[in-house]
Amino acid sequence: MLKTLAPSLAGYRFVSWMASVTIAFEVLFEVTIPWLMADILDRGIAEGDLPFILQRGGWMLGMAALSMACGGLSARLAALGGTGFARGLRTALFDRVQGFSFATLDRFTTGSLLTRLTTDVTNTQNAFQIVIRMLVRAVVMLVAATLMAVYINPDLAGVFVVAIPVLAGCLTALALLAYPRFREMLRRLDLMNARVQENLVGLRVVRSYVREEFEKEQFFQAAGGVREWQARAEGVVAVEAPISSLVLSGTLVAVLWFGGNLVVQGWMLPGELVSFVSYIGQILISLMMLSFAFIGLVISKASVNRIMEILEQPVEALEAPPARSRPEASAIGPETLADGSLEFEHVDFSYSGNPRNLTLADLHFRIESGQVLGLVGGTGSGKTTLVQLIPRLYEVMAGTIRVGGRDVREVSLEDLRDAVAMVLQKNVLFSGTIAENLRWGSPEATLEEIGKACRIAQAHDFIMGFPEGYDTDLGQGGVNLSGGQKQRLCLARALLKKPRILILDDSTSAVDMATDARIRAALQRELQGMTVVVIAQRIASVREADAILVLDEGRVVGFGNHEELHASCPVYREACDSQHLGEI
Amino acid sequence: MPPPGPRDVFARPRDTLRTILRVLGCFRPHGWRLVLVALGLGLGTFSNVYGTYLLKPVFNDHILPLMGQPDPDMSGLVRILLVMGGVYLAGGAGLYAYRVLMIRVSTGILLQLRREMFARLQNLPIPFFDRRTHGQTMSRFTNDVDAMREMLGHGLPEFVHSTLRMLGVFAMMLVLSPVLTLLAVAMLGFMAWLVRFLARRSSFYFKGRQGALGALNGCIEEMVEGQKVVRVFNHQPIVRRRFEELNEEVRRNDAGAWTFGSILMPLMGNLSHVLFAVTAALGGILAVRSTLDLGTLAAFLQYTRNFSMPVTHLSQQFNSIMSALAGAERIFDLLDEPEEQDSGTITLVDVTRDGDGRLVESPVRTGLWAWRIPGDSPEGRPELRLLEGDVRFEEVSFSYDQRTPVLRGISLFARPGQKIALVGSTGAGKTTITNLLNRFYEIDQGEITYDGIPLARIRKSDLRRSLGMVLQDTHLFTGTVRENLRYGRLEATDEEVEQAACLANADGFIRHLPQGYETELSADGVNLSQGQRQLLAIARAAVADPPVLILDEATSSIDTRTEALIEKGMDRLMRGRTVFVIAHRLSTVRHSDAILVLEHGQILERGDHEALLALEGRYHKLYTGVFELE
């Protein structure tokens, strides 16, 4: 675990160590204070030596000042170290996530990744602070105060031989008892909140079936369970304070008895006894601090584990961070691929990596550079999966994909992805202006180039309709645009890349038919020589394609042009018929 | 240490006093427990303070005078130490009782609040939920209740405990030595000022951190969501640069916040050491001048150690208590939301026909329903009117926000058993019509009648029981398939559930699931396709077996095989019922008794398929594909 987390501390290792060292010094200065006080009582007061009292008082003040300085310094250093560590962790996580293959990434939801990068990092940071400050402080305090007590009177210090194990035992037992109860409570709390969430989402179903009372009953039961377990868990913790204070006061009484006898018999001075009482407090409080520290560490353990899960996930060699900087790459990018021809050679693919559960099986076809390929098939037939293999978002299991005659695995990812543009089913725009979003395709694109791409994508007119035109700011996710407008922007963004192969994954589904037709016409007119792969629900959109590939349950069931397929492929014919009749 | 978390730690209630009073009001049902809580707390605090005071007699009367005596009598020390032990024991017991009782009280209050909130949610009008996201409402149950939990279980008791203890210590200090107390009070004043100063400085960084964290979260979310786009555009380095900038911004603010947050403890702790030192020196001087004895000084020194603790505590609790109060206020706001109004008195009852063909109420399900219309006077006999499914809209106008009209003077009728298709583009008002029929929303003008009865006179729950709904976004609940289907009618037997599934064409695929009807549908259970979910929703409506149906066909692309299954299932479900269907498929529309073409909240055309085609209007254009529906 340390090996995985340690690199994130880079640059903040020294301050973190110093935070521990300074807090140790804080404690060392602090523990001398009661001892100095004993001198005041036993020599100063006993002998009426005013200058001595003032001198020792000055010493004490000095110690307190030094302790304060060390403590303050430690707080600052620990803050720097802890937050630096958190920053390092976030960077490491972010890099790791960006390095994941999609096969790995698909296993995590956005929400869970977000939690890991925020809450879990915060909790780990807390744990780190606990270790470098609280834990160090508690341990040093325990040792130093015990040593002082032994130094003052070794016989009396024998009391701690009993007190420390008793309190430590009690605290450990309580922690062990409390942990499973808290876990159960949190589990039930999650379940209960899930119920509320479900109720909100399914609100209209609940209302239309008049199930309000039923839902209430279910919720009340869940809430009752939460309360029961919360009471049980906190009930255990409630014992802690009384037990600690009982051990503390028991020790005090014992020390006063034995110490009182020693003083009366002249083996010990009264001031020493008073300072001894102070050390009792310090020793037992440090024990309680230890138990708090451990509780804190246990609480954050789950978070640390979740972070480790990401950090220990192998980054596939495939997605190793690009070595070269971008502009350089784009300068030589597409040139490394001769043309836009695309060839699948007996390709198998499975999301689970299981050869018996193939998503795509034995795909074998070829299209020439500049041709248009249409992909047709029902939901789950593997169309989207197929196109995602081309820019290597996923890796084939068997067989070979060639772009421009070269195996995609032999081309660097950067070059490959510069040559292949893809407009995804799910449109994602990023916060920033429209122009900034479009320049994702080509950072140096001029306004003319942008305008040209937008005209092809039929986006120019509506963009100019906005008061600020291309400088219109899109909120996160581009919320103030309609679905069709977003799709057209995404298309323009892809066109700006001037790719060899353009992949359109159902990417004009929200665009009305007339505009859709205009887009297709413009593409054909303006972009001769670019290979286009189109996935479409409407047969009409792919009818004119040079070749159409019909997929059914991950297998090719037809390949050819519209007329050929209509004559020979029953699945295709069925789709044509149903669309002709079944969709308005 | 600062409590880092997603909650806004600087939120303040609008009306602090009112919120505090209302929170206190929550304690009322726990009256006798509260008395015991107060007793336990008082006992605990008193014992603790008094126990320390006993140090004085221990030293002054039972140790110091005996020093150097040849044959000292230690029985006095034994006695006073026994008293001391007893006092501490009682204190421990009091503290324990207080904690345990307080847990019962605080968890009880939380339970009560959760129940009230959930019950309120079930009765709030639908527009309430349109005005805010589910996340906002959820946050009442999670963040705000959590804050309450912390406040009730920790913050408030600690606050009271700390205050009591400080007062107790202060009193005892005064008793021991007014001069030294003056010193302690001066130091306390300085500490309080320092805490305020630091709190103000740290809140600057806390706010900065909150903003920076928000920006960072936004960036992460965007990048994770759009990861495929990032990759296909080779944008990783640019994205990473932006992330690093925001990351550093968070670190900077976070370091500031942590510094001020964690510097408080060493400062306060060591200021109390300064107090200890000055007290020891001054006490020593006083002792030399014989105005103070050793025992008093010993006890006083012990007090100075825990005099400052409450100040630190209070300062730490203040922010979290205030933000918890703000959360409490939001919870109360939710509880104060006005409930859905229902002045309907007409109810739905099962009926049979007696020998003369007259309707009589039946205690069991007969498949025949009637509206039970209470008589004009309380003694008047209620009238029974057979539920037939005759629905009329007369000049109905409606808007969701009282400004932009969604329906403008719509009139339509559905005779019993008729199938009415609503056709039109998104936003034309199709869904709104169905939302008015089940009274999720109230109409602004016009009238809707159901079997001749104005809708408003029918009790809402009975109205909704008579309507079956299959919505586009089929919502299923966590639980087994069978439980989900039975949601339609809780008393349905297993056979009835399975029959309904057969009718809806869902039985086939259900039996192919790993555990058939007992298969768990949940996050980690089986994932159903959109089409299968739709089939289950139809089956659920079939279990309910209502006389009138509202169907919203799915627009999402469903594979042709499932689509055929759904179509058949829907057809069978619709047989013999009055049906309003928001249609996206031509086959559905064609077989309807009447088609309503809606545009901009008005009915453009009405008629059956042939008539509308002959009209060569909007419907004709839709049909021939010149316009698109969605």
## Note on the structure
Fewest to most Cβ atoms within 10 Å: B:393, A:462 sort as A:462, B:393
### Task
Just name one of A:221, A:146, A:248: the one whose Cα is farthest towards the positive end of the charge dipole of region A:134-253 (beta-carbon charges, Lys/Arg +1, Asp/Glu -1).
A:221
## Note on the structure
In this structure, the FRET efficiency calculated for residue B:337 and residue A:436 from their beta-carbon separation, with R0 = 45 Å, to the nearest 0.05, is 0.60
### Query
Label residue B:242 and residue A:400 with points 7 Å out from Cα along Cα→Cβ: what is the distance between them in nm?
3.9
### Given charges at beta-carbon only (K, R positive; D, E negative), |dipole| of the protein assembly as shown in Debye
2600
## Note on the structure
In terms of the charge dipole of the protein assembly as shown, which places +1 on Lys and Arg and -1 on Asp and Glu at the beta carbon, the residue among A:101, A:391, B:284 farthest towards the positive end is B:284
### Task
Considering only DSSP beta bridges where both residues belong to chain B, give the percentage that are antiparallel (nearest 5).
60
### Query
Okay, helix-only estimate at 222 nm for chain A: each DSSP H run of n ≥ 4 adds -39500 (n - 2.57), divide by all residues, round to 500 deg cm²/dmol; what do you get?
-20500 deg cm²/dmol
### Query
So how do B:19, B:478 line up by other beta-carbon neighbours within 10 Å, fewest first?
B:478, B:19
### Message
Which of A:442, B:425 has the fewest other C-beta atoms within 10 Å, and how do the rest follow up to the most?
### Response
B:425, A:442
### Sequence-separation-based contact order of chain B, relative, with Cα cut under 8 Å and 6+ spacing, percent
14
### Rough spin-label spacing in nm, given labels placed 7 Å along Cα→Cβ, for residue B:614 and residue B:575
3.0
### Task
Give me the percent of DSSP beta bridges within the protein assembly as shown that run antiparallel, rounded to the nearest 5.
60
## Note on the structure
Amide H proximity to residue B:386 below 5 Å, modelled H, separation 5+ or other chain, gives B:371
### Task
Could you size up the charge dipole of chain A around its Cα centre, putting +1 on the beta carbon of Lys and Arg and -1 on that of Asp and Glu, and report it in debye to the nearest 20?
680
### Query
Of B:377, B:238, B:198, which is farthest on the positive side of the dipole of chain B, counting Cα position, with +1 on Lys and Arg Cβ, -1 on Asp and Glu Cβ, and the Cα centre as origin?
B:198
## Note on the structure
With the 8 Å Cα cutoff and a minimum separation of six or more residues, chain A has a relative contact order in percent of 14
### Message
Rounded to the nearest 20 debye, what is the charge dipole size of region B:347-386 about its Cα centre when +1 sits on each Lys and Arg Cβ and -1 on each Asp and Glu Cβ?
### Response
160
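Bear in mind these aren't lab numbers, they're just calculated from the coordinates by the rules spelled out. Being a predicted model, the structure only gives us computed values, none of them experimental. Virtual Cβ from ideal backbone geometry, glycine too; neighbours counted across all protein chains shown.
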